[in-house]
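FYI, it's all coordinate maths here, none of it is from the lab. The shown structure was predicted, so the numbers you read here are calculated from the model rather than taken from an experiment. All Cβ positions, even for glycine, are placed from backbone atoms using ideal geometry, and neighbour counts span all protein chains on display.
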Amino acid sequence: MGYDQTMCVAGRRFLLTLAASAGGAALSGAGAAVLLSLYPPGSAGPHPTVWLAAVLPVAAALACAGALARTVGGVLLNALAFLLPQAAVAIGVFFFFAHPGGHGGEGLVLSTAEFWLKLGAAYALVAALVGAAALAFRLVRG
């Protein structure tokens with residue numbers, strides 16, 4: 001397989017992982033929104049296992065990222081593809097709903113070193129999980 005074909009395959013796997021992650025984030029967010037509308041904060045809330053339904057689409061996207069990774073570079077690239085939509089959704093929710101004052105407030109969280117350290121730690125964790133999933137799929141494939 002030539003360099004161009006390898007890059008094309010890696011690019012397709014990156015885009016597939018990106019799409020799976022975006023879909024997982026959207027489904028998970030919708031599930032969480034439904035649960036929060038049914039059980040508003042302050043109420044008894046649903047059983048903790050019900051929240052698992054909101055997490056499953058993201059877990060499936062993570063498994064997809066691992067299944068598509070064939071090399072160490074593929075693991076790192078797919079981890080990035082997985083994390084991008086997840087981080088975008090989390091940052092968007094934070095700025096529009098959770099942060100005092102909305103729209104980023106006065107402190108602009110993106111300018112703090114703590115934010116970037118946490119994002120780097122999240123990437124390292126996602127890369128480890130994608131790598132573990134890739135190894136599991138490799139063992140199953142034989």
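Label-to-label distance, ALA122 versus ALA30, with points set 7 angstrom from Cα along the beta-carbon direction: 2.2 nm.
The order of the peptides 77-88, 54-65, 8-19 by mean Cβ neighbours within 10 Å, most packed first, is 77-88, 54-65, 8-19.
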